[in-house]
Each structure stands twice: as structure tokens, then as C-alpha cells.
Amino acid sequence: MFFSTVKMGAAIGSRKAVGSAAAGNGMSGAGLDDVGLADTDPTADDLAVRLRGVTKQYRRQTALKAVSLTLASGSITGLVGPNGAGKTTLLKLLAGLISPTDGSGSVFGHEFSPHRRAMVFVGLMPEHPAFIEYLSGAANLRAFAAIRNQIGEKEIADALAHVGLDANDRKPVRAYSQGMRQRLSLAQAIMEQPRLLLLDEPANGLDPHGVVMLRDVVKDMAAQGCTVVLSSHLLSEVETVSERVLLIDGGRILKDLSLDEAGSLEAVYLELIAEHVR
Amino acid sequence: MVLELLREKPRGRVVPAPGFPLPSTKLLFRLAMFEARRLLARPGAWIAVALVSLYATSALFIERDAVARGSSVDPSAVLGAAVGLQTLWLLVLVLPMAIGGTLADDRASGYLSLQLTRGVPRSLVAVSRLFAAVLTALATTVASVVVVLCVAAAAGPVLFAPVGQAVSFAPELLDTRPLLWVLTVIAIYTVAAASVLGSSMFVGLWFHALASRIMPPVSVVASAFVFVGRLTRFSPFERVSFLQIFDADWAAPIPMLIYWGIAWAVVACVVTVCVSAKEG
């Protein structure tokens, strides 16, 4: 298996346990605002993410408004919403890049609050991948891997192969197409086997083969117990890979849908967003 | 301004999760070396070295010819490599213009976010980049000095001519221990350039990369018009163009090193606090 050789014995062990435990309850998470969350959740041990009334304010703009949410370990959750809805802010919060202005929460048990960011290693695939342009794809991954010093050449080559890139390709990233950059970005997000994978518009610029590869990677990761959150404007893509979909607008979770009840996501989306705008 | 920022955005208390890299000297070294390599891989760094070295060696030849024609005011003072070395201070201004703005670029592109998701403490990111600035400044200064010394040696007639008391920085040191004099000059230029590069990082937290390249060198030059009279000794511009300030008591190796050392430490503290606050 792709990640079977990653040198993170303890982490793998603990994650597998969480993943297998989570397999049964799949989509136990729910949005507090809309569907309620008991203070004593019996499945709390299996929760990857728990947000309680999280608000994020940038000067005069409120990006997230009292968002409450739980995500089960090993689940795949899609975030959809119009531009400026707060999707990227939510991903940044989960990635520990920002702390909330109000509210609290935890990511794999690591608490965050207005004075504290979440500090759990996550795999983040940003909307606009950023690399060192004159280095090759493999060299860029090596530079990131050197920070945690947990994986070696083999894992980097495996990650690149998994997304359809060649580890021996010496072409600098500046010569990459947008699709290749997306693939490289996905490789950097998954190469260190994160417990939480955050994908922001991952299908941007990917060709049809790339989109299929993306689906496979997301499903593989989730099958291994990794919690995946992906934000996308491509509703069909979200519908295809996600078990659960959160519709966000104006910094609020408008609807928390499981795949079964979603029906046509596009119809639900358009109706809800239109209602919200009114 | 910094206090206001800290009040608005309290710094996150970092509790490293298992598997996260703990702040350590090894990690700091890895990050600093990586950032220094990135800076030195920029063509701008070596274009700056080439331009400043060209200017410095030109000055060396011009002065040599002036001595040959007998038109120099003090022939004994202007021969040799010291002439070229005294014009290398321009590197302190040119280097940030050439390679400053990396932090602003990385923040804008999202590269910094990818580093931070791997658990690098914000403060360590700042400190590693400050050390990278020192390493880069050292490498470029040494390269420029080597070029000047080589050209001076080839051009002759002497590498280090006897110098006049009136026109040299630390003349006794240059007369008696020229190698130590050169090392002192390198050290001063290095710390000065690292300080200005550090200021570039500070500016880059709020402004576009281009502004972070231009504002610090312009501020250094502008200080010549702000620090006048008794305040001259505090002027970064006067301190960086020190070889021309031969009659000031503060234009001596130790006070110069202390001045720029303090400047770098202040810049480092401010940048570290601001990066931690701004990225929290």
C-alpha cells in the first residue's frame, strides 16, 4: 500500500486504531447550528474535529460566524459555497494557520481557542500551490520533508508516483502546467501521511485523468483513516467523493447533508444559496 | 504599532503535537541553510555582487591613475585594495533591493503557510530567515571582497599601500594588520547588510515585496538627512559609509561592530515578534 513504508510507526498505529473505530460510525459528525450536538457526544473519541461556536473576524469582515461542527475520523467532507463564503478560512483554522476570534474547538484532541491555534500536523493543499520555481518537484518536496524529517526519498518518490509525477524529472516547477502543479501540491499534502487532509479547490486545472487520480487518492487516504475535508466549486466532484457535504455561505453552515439525503447537490445548493441571499 | 498589533491579535500559545518538530538548533540550522541557499540562488544576489564589485574595482583603477598623474590629494592614502573595499558599502543598499522581499513573496504565494502546517513555530521561521540573511550577506560580501582583492593584487603596485592617517578607517589596523582590517570590514558590512535585509522582512509583513525591497535602503539613505549635527553618529547611512567618515571618534572597528550588532538584534527581535503576531 502506498503509505505502508512511511516511517511513522507510532502515528500509523494510533491512526489505524482511530480509523477502524471510525469506520462504523462514518458520518457521526454534525453541524451544531443546524442539527444540534449534544454536550456529551458518545462518539467523541472518534472525532477528528470539533468546533464550538467558532468565529473568525478580519478587521471589519467576519469570515466565520459561530460555526459549530464535528468531523468523524476517516470521513470525507465536502465544503461548498459561493466565493467568500468562508471555506478557505475554515480550512486555515483547521490547519492551525489562524486562531479563532471567538469560540473554541479541537483537532484530534488538540484544543484551540482565541489565544491558541490548533497544532496538529495536517496535509494542506492550498487553492494556489506555491513552490520554489527553480527547483524540481522532487526537490521542492524534499525541502518540505526536511522540516519534519520524518520521511525519506522513497516516500517522496512514492507520493510523486501516486499523483502521476516522476521523481526523476529534473524539470523546474516553473515549467510545470497548472495541472502538474496541482498534482505536486497534492503530493506534498499526502507525502507525510497526515491524519487530516485539507484540500482547497483540488480539481482546479486537473485533466480528466487527474480528476480520477484525485478521487482515488482521497478515497485511499480516507480508507487508511485519514480525515479529508475538501472545498470545491465543482459540485459534481464533491458529490462523487464526499460522504457528507456542508453548504456554507456568509461564514455560516447553512446545511449539513449526508450523501444519501443530498439528492441533486446542485439543486439543493442553488435553492439554499438563493434563499440565503434573499 | 507593534503593541497595538499584539493587542489585536494575541500570539498563539504553541503546544507542539506528537510528531511535530520541536524548536531546536538543528531545525533552525536546516531552515536557515535552506533559506540562505534560496537567497543565494537568486540571480539578483550575484548581479548585485557583480555591479558593486565593478564599481569598487573601477574606483581602484581611477584612484591609481590619479596617483600616476599626480593629481591625487594624498597619493599615499589611496593606493591598494582599501580603495575598492571602501566603496563596497553600496552592497548594503543594493543587496536588499536585489533579494529582499522573500518573506512578502512567501506570504503572498502561500509558501509560508505550507511551511507552517508542518509545525514550524512562527518565531523559528523568523529567526531562521534572519540568520539566512546573515549568511547571505556574508557570502556576498566575501565574494565582493575577494573580487576587489584579486583585482587590486593584479593591478598593483601593492595590495595594501601605506595609508595616510586622514583618509582611512582604522588606519593603524590597516597599516599593521591588513588581514584583520579586511576581516573587520567584512564583519561590519555583513551585519549591516543583514540588518537592512531584516528590515526588508519587517516591511514585507505589511507591504508588497517591491516595497519591502525599496523602503529599507531608501530609509538608510534618508537617515543622512534626519540624523544631523550631534545625531550624526546614530545615522545608519553614516555608519554604513563609514570609510568616508575618517575623523569621527565612533568610526572605529569596535564601536561600528557594536552599533550594527545592536541594530541587527533590535531588527531581529521586532521581526520575530511581528511574524509571530501577524501569522498567528
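The values are calculated or read from the model by the stated rules, or taken from the named source; none is laboratory data. The model shown is predicted, which means the values in this text are computed figures rather than measured ones. Because the Cβ atoms are built from the backbone with ideal geometry, glycine has one as well, and the counts that use them run over all protein chains shown.
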Restricting attention to the stretch B:158-173, and to residues there that are modelled with pLDDT of 75 or more and either surrounded by fewer than 15 Cβ atoms within 10 Å (Cβ to Cβ) or within 22 Å of the chain's Cα centre (by Cα) (or both), which single residue is farthest from B:VAL142 (Cα to Cα)? B:GLU172
For the stretch A:101-111, how many residues are crowded, with 21+ Cβ neighbours inside 10 Å and more than 8 Å from every other protein chain (Cβ to nearest Cβ)? 2
Any hit, the stretch A:194-209, residues being of a type outside the set (D, E, K, R), touching a Gly at 6+ places or on another chain (Cβ under 9 Å) and in a helix (DSSP H, G or I): yes
Out of (1) modelled with pLDDT of 85 or more; (2) in contact with a helix residue (DSSP H, G or I) (Cβ under 7 Å, 6 or more places away or on another chain), the one B:ALA59 does not meet is (1)
Taking only pairs six or more apart or across chains, which ones have beta-carbon atoms under 6 Å, a first residue in the stretch B:121-144 that is within 26 Å of B:LEU180 (Cα to Cα), and a second residue that is of a type in the set (Val, Ile, Thr) and assigned to a helix (DSSP H, G or I)? B:ALA137/B:THR190; B:LEU138/B:THR190; B:THR140/B:VAL49; B:THR141/B:ILE186; B:THR141/B:THR190; B:ALA143/B:VAL49; B:SER144/B:VAL49; B:SER144/B:VAL52
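State whether the residues of the stretch A:156-171 include one that is within 25 Å of B:LEU103 (Cβ to Cβ) and either within 13 Å of chain B (Cβ to nearest Cβ) or surrounded by fewer than 21 Cβ atoms within 10 Å (Cβ to Cβ) (or both).
In the first step, residues of the stretch A:156-171 are kept if they are within 25 Å of B:LEU103 (Cβ to Cβ); the result is none.
Checked against the condition, which is being within 25 Å of B:LEU103 (Cβ to Cβ) and either within 13 Å of chain B (Cβ to nearest Cβ) or surrounded by fewer than 21 Cβ atoms within 10 Å (Cβ to Cβ) (or both), the stretch A:156-171 yields no hits at all.
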Those residues of the stretch A:115-139 which are at pLDDT below 80 and either in a helix (DSSP H, G or I) or more than 7 Å from chain B (Cβ to nearest Cβ) (or both), in sequence order: A:ALA118
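Kindly indicate which of B:ARG69, B:ARG129, B:ARG118 is buried (at least 18 other Cβ atoms within 10 Å of the Cβ), basic (Lys, Arg) and modelled with pLDDT under 90.
The match here is B:ARG118.
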Would you be able to tell me the number of residues in the stretch B:247-280 that are closer than 20 Å to B:VAL220 by Cβ and at pLDDT below 85? 3
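Which count do you get for residues in the stretch A:78-100 that are at the interface with chain B (Cβ under 9 Å from one of its Cβ atoms) and either at positive phi or in a loop (DSSP other than H, G, I, E, B) (or both)? I'd like the intermediate steps shown before the answer.
Taking the stretch A:78-100 first, the residues at the interface with chain B (Cβ under 9 Å from one of its Cβ atoms) are A:92, A:95-99.
From what's left, either at positive phi or in a loop (DSSP other than H, G, I, E, B) (or both): A:95-99.
Counting residues in the stretch A:78-100 that are at the interface with chain B (Cβ under 9 Å from one of its Cβ atoms) and either at positive phi or in a loop (DSSP other than H, G, I, E, B) (or both) gives 5.
Can you find even one residue in the stretch B:170-182 that is on the phi > 0 side of the Ramachandran plot and in contact (Cβ under 8 Å) with a residue 12 or more places away in the chain? Explain how you work it out, then say what you get.
Let us first name the residues in the stretch B:170-182 that are on the phi > 0 side of the Ramachandran plot, namely B:170.
Next, from what is left, pick out any that are in contact (Cβ under 8 Å) with a residue 12 or more places away in the chain: B:170.
For the stretch B:170-182, residues on the phi > 0 side of the Ramachandran plot and in contact (Cβ under 8 Å) with a residue 12 or more places away in the chain: present.
How about the stretch B:181-280: which helices (runs of 4 or more DSSP H) wholly inside it have at least 3 residues that are within 14 Å of another protein chain (Cβ to nearest Cβ) and of a type outside the set (D, E, K, R)? Please lay out each step first, then the result.
Working: elements: B:209-226, B:236-240, B:253-278.
Those helices (runs of 4 or more DSSP H) span B:253-278.
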Applying the selection to the stretch A:140-155, what residues are more than 10 Å from chain B (Cβ to nearest Cβ), assigned to a helix (DSSP H, G or I), touching a residue at least 40 places away in the same chain (Cβ under 8 Å) and surrounded by fewer than 21 Cβ atoms within 10 Å (Cβ to Cβ)? A:LYS154
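When the stretch B:109-159 is examined, which residues are found to be aromatic (Phe, Trp, Tyr) and within 14 Å of another protein chain (Cβ to nearest Cβ)? Let's see the steps before the verdict.
Of all residues in the stretch B:109-159, those aromatic (Phe, Trp, Tyr) come to B:111, B:131.
Listed by number, the list holds a single entry, B:TYR111.
Looking only at the stretch A:201-228, which residues are closer than 17 Å to B:GLY110 by Cβ and either surrounded by fewer than 24 Cβ atoms within 10 Å (Cβ to Cβ) or out of contact with any helix residue (DSSP H, G or I) (no Cβ under 6 Å at 6 or more places or on another chain) (or both)? Steps first, answer last, please.
As a first pass, look at the stretch A:201-228 and keep what is closer than 17 Å to B:GLY110 by Cβ: A:201-202, A:204-205.
Across the stretch A:201-228, the qualifying residues are A:GLU201, A:ASN204, A:GLY205.
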